[in-house]
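A short worksheet on the structure shown next.
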Amino acid sequence: MIRSCAQATAAELAKLFGLPAVVAAVFGTIGAAVAITGALAASPVGANEPVAVVLQAVPYLQAGTISLGVLAAGTEYADGQIHRTLLCVPGRLAVPAAKTLAYLAWAAVTAVAALAVGLLTARIALATRDVPVVTDGFPWKVVGAAAYLALIGLLGLALAALLRAVVSALVVTLSLVLVASPVLDAVTPHARYLPDRAGGLLYLPDPAPVLTPVTGLLVLLGWVVVIGSGAAAAFRRRDA
């Protein structure tokens, strides 16, 4: 089982590398990090510290890793390639496990690269404003932001596996984190239990300290586990 999953993961990694949409999502996320952090740092009313600038860009960059997650799980349903995958990997649960591991590898590299480039861009942009760069130890919040970016994409992956459609999963996931979450946050404190709000505590403090970074992480993972369990159960029952 472990050997089969490892082989399937290697195949999924190579498969993602061969998808132009995946490559575009990776470089699009990195490019967005450059553009957004550059604009924020160049603004005279923006933050004056590189880490703070990068953290302000994370809500926008999550669209990139969510797209990666959706593409990792949903692309094969569009052209029927999932049938060939199942012929090569008969173990039903080995397939979603391999897709998840392959996504996490791609998402981790994308998140780290985007945030690193964003930090560099912010430093350069702040230097053009003659703003002294202050470094306060290791930027652990950036590490938390990278973890968040990778994990929030798992939500898109789980929804794509459940819905078996790229467009539908993208619309649902992006609508949840970019539209519904800000709207609900303005009208009810219970919005803190939405996946992006709870997971965001990995890099941002809670204005009303109800959740901690650890409990926020658990809430985000809970969303992923519930939706992912439904997707896995449906995957085992139905013909792909």
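In a helix (DSSP H, G or I), modelled with pLDDT under 95 and over 15 Å from LEU61 (Cβ atoms): is that true of ALA208 in this structure?
No; evaluated as a whole, the condition is false for this residue.
Scan the stretch 164-175 residue by residue and report those that are open to solvent by 40 Å² or more (accessible area, probe 1.4 Å) and part of a helix (DSSP H, G or I).
Result: VAL167, SER168, LEU170, VAL171, VAL172, LEU174, SER175.
Pairs please, first residue from the stretch 50-64 and more than 15 Å from VAL142 (Cβ to Cβ), second anywhere and β-branched (Val, Ile, Thr) and buried (at least 24 other Cβ atoms within 10 Å of the Cβ), Cβ atoms under 7 Å, 6+ apart in sequence or on different chains.
Listed by first residue and then by second, the contacts come to GLY64/THR29; GLY64/THR110.
Does LEU13 qualify as being more than 16 Å from LEU104 (Cα to Cα), open to solvent by 30 Å² or more (accessible area, probe 1.4 Å) and of a type in the set (A, V, I, L, M, F, W, C)?
Considered against the rule, which asks whether it is more than 16 Å from LEU104 (Cα to Cα), open to solvent by 30 Å² or more (accessible area, probe 1.4 Å) and of a type in the set (A, V, I, L, M, F, W, C), LEU13 comes out as no.
Show the residue pairs meeting these rules: Cβ distance below 7 Å; 6+ apart or different chains; first residue within the stretch 100-125 and assigned to a helix (DSSP H, G or I); second residue modelled with pLDDT under 95 and open to solvent by 40 Å² or more (accessible area, probe 1.4 Å).
ALA102/LEU13; ALA105/LEU13; ARG123/VAL133; ALA125/ALA42
Do the conditions hold for LEU221, that is, is it open to solvent by less than 80 Å² (accessible area, probe 1.4 Å) and either in contact (Cβ under 8 Å) with a residue 24 or more places away in the chain or small (Gly, Ala, Ser) (or both)?
In short, yes.
Going by the structure shown, is ALA150 small (Gly, Ala, Ser), open to solvent by less than 80 Å² (accessible area, probe 1.4 Å) and at pLDDT 95 or above?
Yes: the conditions hold for ALA150.
Just the residues that are open to solvent by less than 20 Å² (accessible area, probe 1.4 Å) and modelled with pLDDT under 85, please, taken from the stretch 48-79.
Those that are open to solvent by less than 20 Å² (accessible area, probe 1.4 Å) and modelled with pLDDT under 85: GLY74, GLU76.
Quick one: which residue in LEU201, LEU184, LEU221 is under 28 Å from ALA21 (Cα atoms) and in a helix (DSSP H, G or I)?
Matching residue, one of LEU201, LEU184, LEU221: LEU221.
Given ALA161, ALA232, ALA191, which one is over 22 Å from VAL112 (Cβ atoms), without any contact (Cβ under 8 Å) to a residue 12 or more places away in the chain, aliphatic (A, V, I, L, M) and in a helix (DSSP H, G or I)?
Just a single option satisfies the conditions, and that option is ALA191.
Looking only at residues in the stretch 80-113 that are under 21 Å from ALA150 (Cβ atoms) and of a type outside the set (A, V, I, L, M), which one is modelled with the lowest pLDDT?
Only one residue tops the list, namely PRO96.
The values are calculated or read from the model by the stated rules, or taken from the named source; none is laboratory data. Note that this is a predicted model, so its numbers are computed, not measured. Here Cβ is always computed from backbone atoms with ideal geometry, including for glycine, and neighbour counts include all displayed protein chains. Surface accessibility is based on the protein's heavy atoms, side chains included, excluding ligands, DNA and RNA. Shrake-Rupley method; radii C 1.70, N 1.55, O 1.52, S 1.80 Å.
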